[in-house]
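So the structure is just underneath, and the comments pick up after that.
The values are calculated or read from the model by the stated rules, or taken from the named source; none is laboratory data. The shown structure was predicted, so the numbers you read here are calculated from the model rather than taken from an experiment. As a convention, Cβ positions derive from the backbone with ideal geometry for all residues, glycine included, and neighbour counts pool all protein chains shown.
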Amino acid sequence: MSKAYGFIEISGVVAAIDALDIMCKAAEVSLATWERKLGGRLVTLVVEGEVSAVKAAVEAAKNDTTIKKPVASGVLAAPHEEIQNIVAISASRFKGKGEETSDSKMLGQDPPDFNIKEQMNSK
């Protein structure tokens, strides 16, 4: 089996649930993780499965959502190990396991040693 990730970004949690339901019914995919940004106004769903199933699921969500249309979408066939690590970190928070290590970075957050002022001054 060739692993793939499908990404849908959509406005609102209810619309995201609608899109996820459509994707899971359209093809043999499962929810890998999800991220809420801006207080849930933007939701990114990540599904996983075989490449053909993920492509079909993302297309179904783009075409068949009833509440809102996705604002962005994409499919990564055979994702790089770093992408798999990012999804695993997100999934560990999604599933209530917390961060894997103290050095782990959460999606949407700067690493602990990142200082924007230092970065701006060094340029």
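Below, the figures for the structure above:
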{"item": "Residue check for residue 22: buried (at least 17 other Cβ atoms within 10 Å of the Cβ), in contact (Cβ under 8 Å) with a residue 60 or more places away in the chain and out of contact with any His (no Cβ under 8 Å at 6 or more places or on another chain)", "result": "no"}
{"item": "Options 32, 15, 77: the member that is surrounded by 17 or more Cβ atoms within 10 Å (Cβ to Cβ) and over 12 Å from the mean Cα position of the chain (by Cα)", "result": "15"}
{"item": "Out of 68, 37, sole residue that is modelled with pLDDT under 95, surrounded by fewer than 16 Cβ atoms within 10 Å (Cβ to Cβ) and within 13 Å of the chain's Cα centre (by Cα)", "result": "37"}
{"item": "Tally, over the stretch 34-62, of residues that are at positive phi and touching a residue at least 12 places away in the same chain (Cβ under 8 Å)", "result": "2"}
{"item": "Total residues in the stretch 48-58, condition under 16 Å from the mean Cα position of the chain (by Cα) and among the charged types (D, E, K, R)", "result": "2"}
{"item": "Strands (runs of 3 or more DSSP E) enclosed by the stretch 1-53 - at least 2 residues per element that are of a type in the set (Ser, Thr, Tyr)", "result": "3-11, 29-37"}
{"item": "Top-ranked residue of the stretch 5-46 - restricted to ones that are in contact with an Asp or Glu (Cβ under 8 Å, 6 or more places away or on another chain) and of a type in the set (Ser, Thr, Tyr), ranked as nearest to residue 69 (Cα to Cα)", "result": "44"}
